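Participant: Before anything else, here's the structure in question.
Nothing in this text is a laboratory measurement; each read-out follows from the coordinates by a stated rule. In this text the structure is predicted, and so the values were computed from the model without any measurement. Neighbour counts run over all protein chains shown; Cβ positions are idealised from the backbone, glycine included.
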Amino acid sequence: MNTKSRIAGTLGLLLSSCATSGLDPLVVDGHEMHPSLVTVQLGEESYRLLSRAVLPDNPHLSTDAGFIEAIARNGSQGKIGGEGIRAALFALYRGESELGLYGLEAASIAGADRLEGVLRNIWAHNVGLDRAHVHRGEEVLVVVFHDGVSPSCWETVNTGIAERLITR
């Protein structure tokens, strides 16, 4: 490999690591979502959703294939894998109860359309119970779920997510 090729390859890697994701605006602390929410610290009992090896910090956004695969499978009850997904986000907060986010950024609009159909079908029951909401912003899909937060917290969080997806 010649020097020019090596330099171009290194520059490409650096630029790709600096690329932003449509999920970036959702990497926030709990109080930024709602004053009653705190970000769950790793190692707490409620951290059962993902292993520490998969989720090194909370919230966590990554383009790592293993992380994407774990989040896609977890957020879809095993029906979606990591193929066609360029980034994933997981965040867990605690207020009166737990509230979490699964975020997936598809590699294309067509891929996002496919993911949206699957996610809306999977989460329909919980959406009907007002325990989950599926948000869409271009290639980005975000599932917000909770286990009993107040109606004002739930409304504020979902409004904030919708705004963050629009303003990216």
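Participant: Determine which residues of the range 143-162 fall in the zone a paramagnetic label at Leu129 would reach in this model, i.e. backbone nitrogen under 13 Å from the point 7 Å along Cα→Cβ.
Facilitator: The answer is 145-149.
Participant: Could you list the residues of the range 54-98 with an amide nitrogen less than 11 Å from a label point located 7 Å from the Cα of Val118 in the Cα-to-C-beta direction?
Facilitator: Hits in the range 54-98 for Val118 at 11 Å: 69, 72-85.
Participant: Can you order the peptides 101-112, 85-96, 70-81 by their average number of other Cβ atoms within 10 Å per residue, highest first?
Facilitator: 85-96, 101-112, 70-81
Participant: Students often get this wrong: which residues of the range 124-165 have the backbone nitrogen under 11 Å from the point 7 angstrom along Cα-to-C-beta of Ser97?
Facilitator: What the label zone holds, given the 11 Å backbone N cut-off, is 130-132, 146-151.
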